[in-house]
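Working notes, structure below.
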Amino acid sequence: MARIIVVTSGKGGVGKTTTSASIATGLALKGHRTVVIDFDVGLRNLDLLMGCERRVVYDLVNVVNGEAELHQALIRDKRTENLSILPASQTRDKDALTHEGVEKILNQLAKDFEFIICDSPAGIEHGALMALYFADDAIITTNPEVSSVRDSDRILGILQSKSRRAIENREPVREHLLVTRYNPDRVLRGEMLDIRDVEEILAIPLIGVIPESMSVLKASNQGVPVLCNDDSDAGQAYADVVARFLGEEVPHRFLEPTKKGFLQRMFGGNG
Amino acid sequence: MNLMQLFRSSRKEENTASIAKERLQIIVAHERNGRGGRDFLPEMERDILKVIQKYIEIRQECIDIKLDSHDGCSILEVNVQLPN
């Protein structure tokens, strides 16, 4: 049985697509057949972060409408074996998706893939509801910042009431908290919510903490998931998340401020 | 902390993270309360206002309704400010 994982947040710009790209890549690198679907109809971006934007011919809406076969729309990742991308439509209306249409595609994908990652659009409207409806797991992407934490709590409420598992009274969607753009230096200075505060408020298990990192922008500039960069702290943190998701016990890293040298402490610098 | 920050921080700076946490705890608890069903408070407020207005002339702003939970016990607080 394929596991359907939604990457969601409520708020925009917190790192859903970055997370979807890296987690999908990480699962595939571990040998699992994985497909990642962009649900952000009208504003597709997953293709850019995966570096396959010039290979998009058909998209999710084409398949839902029967204008293309699923295998025609799936893009095989160049870098990683076992990984495919299903892009969103750039031109259609976000209401183009229907429960029946999406379910049909997911059922078809479940035959060929072990993990189906659904990259949700921001907000709590149709597209976001479609992305989370069929989920078995939810990765709640949250920045340590008031509006993001509040919106994450809101999306948790929606998962608990409007997902298929909730409606059919089945075992609830497994929720995982992923805190991104964490800056331990600012936490130490009392300028940023501590990871424990975010955990306490949202009260769901923590699957990982991704440090704020220059390498994330560099990776998206290049269209390579940051997980592929072994030297990057964010990339390593994403690899840890994937391992934890697969049941490995991995201690959390990058929660403490970086140690600075004497001169750097005296005169600043981009630590 | 560098030298410039050392001078700046001689002014007492507030720990903004703890303010954020406090604010979040309040708003999130409040919003979770409303999740159980539909948010009936605005409608109830209008109804109570109508009943009072049958007898006393008051304005919408004079009525304030809150629903709080303490230790599993819910308290409905209705505050009506009557005109002098």
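The values are calculated or read from the model by the stated rules, or taken from the named source; none is laboratory data. All figures in this text were calculated on a predicted structure; none of them were measured in a lab. Here the Cβ positions follow ideal geometry from the backbone for every residue, glycine too, while neighbour counts run over all protein chains shown. These area figures cover heavy atoms from the full protein model, side chains too; ligands, DNA and RNA do not enter into them. Shrake-Rupley method; radii C 1.70, N 1.55, O 1.52, S 1.80 Å.
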**Message:** Residue under question is residue A:77, and the condition is that it be closer than 26 Å to residue A:164 by Cβ, in contact with a strand residue (DSSP E or B) (Cβ under 9 Å, 6 or more places away or on another chain) and of a type in the set (D, E, K, R); does it hold?
**Reply:** no
**Prompt:** How do the pairs read when you match residues in the range A:100-123 that are small (Gly, Ala, Ser) with residues anywhere that are buried (at least 20 other Cβ atoms within 10 Å of the Cβ) and at pLDDT below 95, using Cβ under 6 Å and keeping only pairs 6 or more apart or on different chains?
**Reply:** A:101/A:64
**Prompt:** Are any residues in the range A:92-114 closer than 28 Å to residue A:28 by Cβ and part of a loop (DSSP other than H, G, I, E, B), and if so, which ones?
**Reply:** A:92, A:97, A:113, A:114
**Prompt:** Do the conditions hold for residue A:131, that is, is it within 17 Å of the chain's Cα centre (by Cα), more than 14 Å from chain B (Cβ to nearest Cβ) and part of a loop (DSSP other than H, G, I, E, B)?
**Reply:** no
**Message:** Looking at (1) of a type in the set (Asp, Glu); (2) open to solvent by 30 Å² or more (accessible area, probe 1.4 Å); (3) in contact (Cβ under 8 Å) with a residue 60 or more places away in the chain, which one does residue A:136 not meet, given that it meets all the others?
**Reply:** (2)
**Message:** Can you list residue pairs whose Cβ atoms sit under 7 Å apart, with the first residue in the range A:9-33 being touching a residue at least 60 places away in the same chain (Cβ under 8 Å) and charged (D, E, K, R) and the second being part of a helix (DSSP H, G or I) and open to solvent by 30 Å² or more (accessible area, probe 1.4 Å)? Count only pairs 6 or more apart in sequence or on different chains.
**Reply:** A:11/A:147; A:11/A:151; A:33/A:112
**Message:** I'd like the residue in the range A:42-63 that is touching a residue at least 24 places away in the same chain (Cβ under 8 Å) and among the charged types (D, E, K, R) and, out of all such residues, is nearest to residue A:120 (Cα to Cα).
**Reply:** A:44
**Message:** Let me spell it out: the conditions are (1) open to solvent by less than 40 Å² (accessible area, probe 1.4 Å); (2) out of contact with any strand residue (DSSP E or B) (no Cβ under 7 Å at 6 or more places or on another chain), and residue A:54 meets all of them except one. Which number is the exception?
**Reply:** (1)
**Prompt:** Hey, any hits in the range A:145-156 for a residue that's within 14 Å of chain B (Cβ to nearest Cβ), surrounded by fewer than 24 Cβ atoms within 10 Å (Cβ to Cβ) and farther than 25 Å from residue A:43 by Cα?
**Reply:** yes
**Message:** I want to confirm something. Restricting to the range A:157-167 and keeping residues that are within 17 Å of residue A:139 (Cα to Cα), away from chain B (no Cβ under 11 Å) and of a type in the set (A, V, I, L, M, F, W, C), which single residue is farthest from the chain's Cα centre (by Cα)?
**Reply:** A:166
**Item:** In the range A:168-217, the residues that are facing another protein chain (nearest Cβ under 10 Å) and of a type in the set (Gly, Ala, Ser)
**Value:** A:190, A:203
**Request:** Specify which of the listed residues (A:121, A:87) is under 23 Å from residue A:160 (Cα atoms) and surrounded by 17 or more Cβ atoms within 10 Å (Cβ to Cβ).
**Result:** A:121
**Message:** Among the residues that make up the range A:37-46, is at least one of them over 23 Å from residue A:235 (Cβ atoms) and touching a Cys at 6+ places or on another chain (Cβ under 6 Å)?
**Reply:** yes
**Prompt:** Quick check: anything in the range B:12-27 part of a helix (DSSP H, G or I), among the polar types (S, T, N, Q), modelled with pLDDT under 85 and out of contact with any Lys or Arg (no Cβ under 7 Å at 6 or more places or on another chain)?
**Reply:** no
